[in-house]
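Some notes on the structure that comes next.
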Amino acid sequence: MATTTVRSSPLALTVLALLHYKPLHPYGVQRLIRQWGKDQVVNVSQRAGLYRTIERLLAGGLIAVRETGRDQLYPERTVYEVTDAGRETARAWLLEMLDTPKQEFPEFPAALSHLLLLEPAEIEDALARRASALTATLAGLEAGQEAAEQRQLPRITALESEYLRAVTAAELAWVEAVAEDLREGRLTWSNERLLAFAEGGSEDGPSDDPSDDPSDDPANDPSDGSANDPNRSG
């Protein structure tokens, strides 16, 4: 019987999904996550996080203790199995994660929102390093996809890797384009214009383009009264 409400998470869903396969102890769950490449989409770098997730699922009645065993090579190990409630919950979580975009807050967009703390050259260098890291990640994903194709695995088993490859490729293309705009001078700004905007200036703020200076317009020259002469013919 469920005693607490369990919030969904990628790791919690993964634990329930693996226990659909067979009863497992926590080490077995962690091993399968890595063997099946699920560590690309869930974080199991710290085993403590996995144990906390298992405890939440157990308290919520979504999993149950199957057996507890001990042998000479390993300490006591508790084997867990998914309950009927866990099966229903896993399906509900899965459908919600598939059909409902969730507002998430990754680090990269947060960093992009504060780029004004850096100089353009610093931004360009940082983006170049990110592009290098993304290139390496993309190469690894492509190698994994090729290996899956050679093993003739059904596509459904590797859709998460296919998605990550597409997203990584898109991010790499965008990062490289922004870095090039910085390098070629197509992405520029001035502290004065930004300060004017922050202090409640016009929506567009003062322009950095000298050609946009209204004082250069003859119609605004106070010395030329003809500009405002209603009897002047056009």
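Here, each number is a calculation from the coordinates, and none is a lab measurement. Keep in mind it's a predicted model, so treat the numbers as computed, not measured. FYI the Cβ positions are ideal-geometry reconstructions off the backbone, even for glycines, and counts take in every protein chain you see.
In this structure the amide hydrogen of Leu187, modeled in the peptide plane, comes within under 5 Å of the amide hydrogens of Leu182, none closer than 5 places in sequence on its chain.
Close amide H partners of Ile63, meaning residues 5 or more places away or on another chain with modelled amide H under 5 Å apart, are Leu58, Thr83.
In this structure, Asp181 and Arg52 have a Cβ-Cβ separation that, at R0 = 41 Å, corresponds to a calculated FRET efficiency of about 0.40. Assuming charge only on the beta carbon of Lys and Arg (+1) and of Asp and Glu (-1), the dipole of the stretch 128-175 about its Cα centre is about 140 debye to the nearest 20. Label positions at Ala196 and Glu88, each projected 7 Å from the Cα along the C-beta direction, are separated by 6.3 nm.
Between Tyr80 and Leu24, His25, Arg66, the built amide H atoms are under 5 Å apart, and every one of these is 5 or more places off in sequence or on another chain.
What the Cβ-Cβ distance of Thr68 and Glu107 gives, at R0 = 30 Å and to the nearest 0.05, is a FRET efficiency of 0.15.
Relative to the Cα centre, the charge distribution of the stretch 1-113, modelled as +1 at Lys and Arg Cβ and -1 at Asp and Glu Cβ, gives a dipole magnitude of about 240 debye.
Relative to its residue count, the stretch 1-52 spans a Cα convex hull of 87 Å³ per residue.
One decimal place: the segment Gln152-Trp36 gains 40.3 nm when fully extended, by the rule 0.36 nm per residue minus the C-alpha distance.
Along the stretch 163-168 the Karplus relation, 6.51 cos²θ - 1.76 cosθ + 1.60 evaluated at θ = phi - 60°, assigns HN-Hα couplings of 5, 4, 5, 5, 5, 5 Hz to successive residues, with x for each Gly and Pro. The phi-based Karplus calculation (6.51 cos²θ - 1.76 cosθ + 1.60; θ = phi - 60°) puts the 3J(HN,Hα) values of the stretch 16-27 at 4, 5, 5, 6, 5, 5, 5, x, 9, 8, x, 5 Hz, whole numbers, x for Gly and Pro. What is the calculated FRET efficiency for Ser9 to Ala173, with r their C-beta to C-beta distance and R₀ = 41 Å, to the nearest 0.05? Plugging the Cβ-Cβ distance into 1/(1 + (r/R0)^6) gives 0.85.
Dividing the alpha-carbon radius of gyration of the stretch 46-164 by the rule-of-thumb value 2.2 N^0.38 Å gives 1.59.
Across the stretch 123-132, coupling constants 3J(HN,Hα) worked out from phi with the 6.51/-1.76/1.60 Karplus curve, θ = phi - 60°, read 4, 4, 5, 5, 5, 5, 5, 5, 4, 5 Hz, and Gly and Pro carry x.
Packing around the peptides 145-151, 166-172, taken as the average count of other Cβ atoms within 10 Å per residue, puts them in this order, highest first: 166-172, 145-151.
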